[in-house]
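Have a look at the structure below, then the notes.
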Amino acid sequence: MASPAPATVDELGLQGCLYLWALLTGQQRRLPIAPTKRMTLVILALLQDQGVIEVPWPEMRWEIKPDAQITPIEGLQWRLAWTVYEPGRLLEALDDYFDTLEQTDFTIAVGLRLWSDLAPAEAEHYFEQQLVKHRFAADWAQDLAFAYREGPGAQLNIAQWRYCAWAAVRRGASVAMQNGLQADGLRDSIYQELKRRAASVASGVWSNCSFAPTNPLPENALGRALVHHASGLGAFYWTSRPCEEILLCHARAKAQRLSVF
C-alpha cells in the first residue's frame with residue numbers, strides 16, 4: 001500500500017526528487033528513465049510507494065485511464081497522483097528544490113548511493129548494445145550484473161566496464177566464427193571473458209583500457225539528474241569510480257562557483 005503523499009518536494013526528499021525529475025524529464029525529452037528497464041521499474045515502484053504516482057501493476061496496462069502516460073523508451077504506463085503541484089509546474093518546483101539544496105554528509109551519501117547503482121546499470125546497457133550489434137541475445141546483458149558482484153565491481157569505473165563489455169562481446173563473436181558454438185556455450189564464453197578482462201584491468205595488468213563516451217552527458221534521465229543536481233561530476237561520471245572523495249571535491253567546486261554569483 002502506498003504511503004500518504006508528501007506535502008512538499010522537501011518532504012519527498014532528495015532521492016524521491018531525483019527519481020521524479022528523471023521520470024518527468026524522460027517523459028518530456030524522450031529519454032530512457034534509467035540505463036536499464038529493471039532500474040526504471042525500481043524508480044516507478046519507489047514513487048508509487050511514496051504516493052506520487054500510480055502504476056497499473058500487477059496488470060501490465062490500464063484498459064481505460066485517460067491521464068495515463070507511457071514512458072517513451074521503456075513503454076511503461078504511469079499516472080501522476082500527486083496533486084500538491086500543478087503538473088505543468090512540477091519540474092520547476094523540483095529545479096527550485098535542487099537550486100537551494102545544501103551539500104551535506106546526507107546529500108553526498110545519497111549521491112554516492114545513486115552513482116553506485118547507476119554504474120553497473122550503465123555498463124549493462126552498453127553491454128546490451130554490443131550484444132545486439134553482434135546479433136547476440138539482448139537478455140545476455142544481465143550477466144554483467146553477476147560479473148560486477150562477483151568481480152572487482154566498483155573498483156572499476158563505468159568507462160573501464162564498458163571496455164570489458166566491448167572486449168568480451170568481440171571475443172564471443174570471434175569464438176562463434178571459429179567454432180560455431182551453440183548459444184549456451186557462447187554466452188558462457190562471453191561471460192568468462194568479461195570476468196577475465198575486469199580482473200586484469202582491476203589488477204593493473206592492462207592499463208588505459210576504458211571507453212568513455214564522446215558526449216559526457218548520460219543518455220538516460222536519472223544519470224542526468226545525478227550529474228546536474230546531485231554531483232556536478234561531468235565526465236568524471238564515467239572515468240572515476242564511485243567514491244565519496246570525488247563527490248566531495250565536486251560539491252566544493254560547485255559551491256565555490258555558486259558563491260561567485
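Overview of results
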{"read-out": "Hits in region 157-187 (condition: among the hydrophobic types (A, V, I, L, M, F, W, C), surrounded by 14 or more Cβ atoms within 10 Å (Cβ to Cβ) and farther than 21 Å from Leu217 by Cβ)", "value": "Cys164, Ala167, Ala168, Val169, Ala173, Val175, Ala176, Leu181, Leu186"}
{"read-out": "Residue in region 88-108 that is farther than 21 Å from Leu247 by Cβ and assigned to a loop (DSSP other than H, G, I, E, B) present", "value": "no"}
{"read-out": "Boolean, Ile73 is surrounded by 15 or more Cβ atoms within 10 Å (Cβ to Cβ), in contact with a Ser or Thr (Cβ under 7 Å, 6 or more places away or on another chain) and either of a type in the set (Val, Ile, Thr) or part of a helix (DSSP H, G or I) (or both)", "value": "no"}
{"read-out": "Test: residue in region 33-54 that is among the small types (Gly, Ala, Ser), over 20 Å from Ala109 (Cα atoms), surrounded by fewer than 23 Cβ atoms within 10 Å (Cβ to Cβ) and touching a residue at least 24 places away in the same chain (Cβ under 8 Å)", "value": "yes"}
{"read-out": "Matching option when the condition is out of contact with any Pro (no Cβ under 7 Å at 6 or more places or on another chain), free of Cβ contacts under 8 Å to residues at least 40 places away in the same chain and farther than 28 Å from Arg30 by Cβ, among Gly232, Gly151, Gly185", "value": "Gly185"}
{"read-out": "Top-ranked residue in region 238-250 [being closer than 27 Å to Tyr97 by Cα and part of a helix (DSSP H, G or I); ranked as nearest to the chain's Cα centre (by Cα)]", "value": "Trp238"}
{"read-out": "Selected residue (criterion: modelled with the lowest pLDDT) from residues of region 188-237 that are polar (S, T, N, Q) and in a helix (DSSP H, G or I)", "value": "Ser231"}
{"read-out": "Candidates Glu92, Glu86, Glu150, Glu122, filtered to the one that is crowded, with 19+ Cβ neighbours inside 10 Å and among the charged types (D, E, K, R)", "value": "Glu122"}
{"read-out": "Only listed residue being over 17 Å from Ala202 (Cβ atoms), touching a Leu at 6+ places or on another chain (Cβ under 9 Å) and free of Cβ contacts under 8 Å to residues at least 24 places away in the same chain, chosen from Ala68, Ala138, Ala121", "value": "Ala138"}
{"read-out": "Conditions (1) surrounded by 16 or more Cβ atoms within 10 Å (Cβ to Cβ); (2) of a type outside the set (Lys, Arg); (3) outside the structural domain of Ala123 (by TED's automatic domain parsing): number failed by Val110", "value": "(3)"}
{"read-out": "Contacts under 8 angstrom Cβ, first residue in region 7-20 being without any contact (Cβ under 8 Å) to a residue 12 or more places away in the chain, partner of a type in the set (A, V, I, L, M), 6 or more apart", "value": "none"}
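The values are calculated or read from the model by the stated rules, or taken from the named source; none is laboratory data. Everything numeric in this text was worked out from a predicted model, so none of it was measured. Please note: Cβ atoms are built from the backbone with ideal geometry, for glycine as well, and neighbour counts cover all protein chains shown.
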